[in-house]
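Everything on this sheet refers to the single structure shown next.
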């Protein structure tokens, strides 16, 4: 009941269909629409259905991307923030609930001012609603600064920006240079970034109004505080500042190493980005489908570990950092990937190595990314998935798919849709190949056994069991409309309870070929039996004319193929499970029966197809013979299900020998 429906809604750009995935989460009554843009067409979605590994970022994909500052830690203590969202309202107090005063107050304001001044985002109020223009992480810093009483406009007027060293995933830092118009025009450096990276560039810590040298013990204490924030699933940032001279900025275009040295550490900021409501359920559905989810993030290892365990991605605390990954050989990385699901503090080059290692192990990898530097990994992955909201143009161009809502649940829904597309292709092939096999066998054995079946011969010429026009009519009526209806057949209810198909598995497996041959042989046997029973002589003596016998065989073969429509919906599941879930299929079968009746009772059609009218008893006989296709196939499916149940319940094996834990 929670399976997605995916519909084409036009073109985003040439060869880029927009796919709308409607998912209905548990205990929700309203359908939620999200869009997935497939830059490689439906083939990309189909390939996604075979994905065995989904490597996802955390922020915005598994979480809401609605950052809220919860803690600020300075040299003199900890400060807690209340409130959610972008509205700059909420209580600011000490961790014990007391007021923030004196030295702690000055340290808090300095830390938040440094974070504000090292940001590019802006906080605006429009029509009574507060909005952030820019990065959500920076937006959370601005909101915290407003809660503490700082005003962005006042800070900007006093400290206009002179230069910037932008954030990069390799440096994990961002720095701005500003000139203090009130204090002799000094240049001030403000930096924010990963606490461990930033702390390594600091020589002092701000205590009250004066910097003090950072001792080894104090460094360890700051890192321990960062670990504690990460244990509480808070994303941590460090902020620092440094005063330069009053002259112009030396060296022309500023570079990080020139500015990010001898910094004064101002504090730690912990913010929460709550997981999406549907994320845990989507991860559980992915794992039940035999898909291995990986969390690859630039966040602190402890934060990544806590989120991964909360969402069910990982069952333990094992985390590999980018620095550890960089020291691994290919063989070591291959071994590590057999049991590690969480990677933290990674760079884009690390993502590329992870994708390559997974592919060496035979996995079909779907990789998410949003940055310019993620493009190589997106291109390398079997399915590159870019973010539609936070993703850069470069990442979107490099990707095969674009998640318009940046939501992991949409990605899982797309996996299901990819599986459904491939499953419907197999239904289409199973139906057409088995039906055509039945036609070929009918004509072949009808000619081969013509004399034994009672077909008259004259002057060495053999009368065919069916006329050429009748065969063409069968292909048009019974192959056309039902085959097209398979394209909109809804996904099977157990589609996401099977492991992904093998990358080397063909569209028609050996098991399918056996079923196709069996159905075709049954169809031919039923048709030739009715033909024989309608003619004088043969195995079963009858009394009809040749035209009557051919009409009976013609109708039997048409009905057998229509019974086969229901067979073809699954190679294992009974045709009586949800038989009316596809009204298009029911309509196609009804249309085919109506057209067949016209061929039998409309005089111009009788002349064209060499048919004669049939009575009710004749229709009953044709239907009984044709239904053998359904009955025998149902018995075969039942035997297959019983064999499957006799196997170990801890595993499910698909054609091709792939086994997935359940």
Review point. Once label points are set 7 Å from the Cα along Cα→Cβ at both residue 197 and residue 546, what is their separation, rounded to one decimal in nm?
Key: 8.6 nm
Exercise for review: Using Cα pairs closer than 8 Å and at least 6 residues apart in sequence, work out the relative contact order for region 376-471, in percent.
Suggested key: 15 percent
Exercise for review: Relative to the compact-globule scaling 2.2 N^0.38 Å, provide the ratio for the alpha-carbon radius of gyration of region 528-654.
Suggested key: 1.33
Point to revise | Calculated P(r) of the chain - Cα pairs past 41 Å, % | key: 45 percent
Point to revise | Point-to-point label distance, residue 329-residue 89, nm (Cα→Cβ direction, 7 Å offset) | key: 6.2 nm
**Study point:** With Cα atoms, 0 to 90° folded angle of helix 583-601 axis to the chain main axis
**Key:** 20 degrees
Point to revise | Label point 7 Å beyond Cα of residue 624 along Cβ direction - residues of region 573-615 with amide nitrogen under 19 Å | key: 614-615
Review point. How big is the Kirkwood radius of region 68-272, worked out from every pair of different alpha carbons and given in Å to one decimal?
Key: 17.0 Å
**Study point:** Residues residue 448 and residue 617, FRET efficiency given R0 of 25 Å [Cβ-Cβ distance, rounded to 0.05]
**Key:** 0.25
Review point. Residue separation times 0.36 nm, minus the C-alpha to C-alpha distance between residue 590 and residue 511: what's the value?
Key: 25.4 nm
Practice item. At 0.36 nm per residue, minus the direct Cα-Cα distance, what do residue 280 and residue 163 gain on full extension? Give it in nm, one decimal, please. Key: 37.9 nm
Check your understanding: In region 471-538, if every C-alpha pair distance is counted and binned at 5 Å from zero, what percent goes to each bin?
Key -> 3, 11, 9, 17, 21, 14, 9, 7, 4, 2, 1
Check your understanding: Could you give the angle, 0 to 90 degrees to the nearest 10, between helix 102-117's Cα long axis and the longest principal axis of the Cα atoms of the chain?
Key -> 50 degrees
Check your understanding: 222 nm [θ] for the chain, helices only, -39500 (n - 2.57) per DSSP H run of 4+, per residue, to 500?
Key -> -14000 deg cm²/dmol
Check your understanding: In percent, how large is the relative contact order of region 276-382, given Cα pairs closer than 8 Å and 6 or more residues apart?
Key -> 24 percent
Check your understanding: Stretched out fully, how many nm does the piece from residue 576 to residue 124 gain, at 0.36 nm a residue minus the Cα gap?
Key -> 156.8 nm
Check your understanding: Could you list, bin by bin from short to long, the percent of Cα-Cα pairs of region 303-369 in 10 Å steps?
Key -> 20, 54, 26, 0
Check your understanding: Based on the Cβ-Cβ distance of residue 360 and residue 389, what FRET efficiency does E = 1/(1 + (r/R0)^6) give at R0 = 30 Å, to the nearest 0.05?
Key -> 0.40
Study note, to complete from the structure: By Cβ neighbour count within 10 Å, fewest first, 554, 343 rank 343, 554
Check your understanding: What percent do you get for the relative contact order of the chain when only Cα pairs under 8 Å and 6+ apart count?
Key -> 13 percent
Point to revise | Residues listed by number, region 186-215, amide nitrogen under 14 Å from residue 246 label point at 7 Å toward C-beta | key: 186-188
Point to revise | Rg over Rh [alpha-carbon atoms, Kirkwood Rh] for region 361-437 | key: 1.17
Point to revise | Label point at residue 109 placed 7 Å out along Cα→Cβ; residues across region 131-156 whose backbone nitrogen lies under 18 Å | key: 142-156
Review point. In the chain, what percentage of the DSSP-assigned beta bridges are antiparallel, given to the nearest 5?
Key: 75 percent
Revision key, fill the gap. Computed over region 418-661, the convex hull of the Cα set has an average projected area, in nm², of 14.3 nm²
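Every read-out reported here was derived from the displayed coordinates using simple, explicitly stated rules and does not represent laboratory data. Everything quoted here is computed from the prediction, not taken from an experiment. A quick note on method: Cβ atoms are made from the backbone with ideal geometry, for glycine too, and the neighbour counts reach across all protein chains shown.
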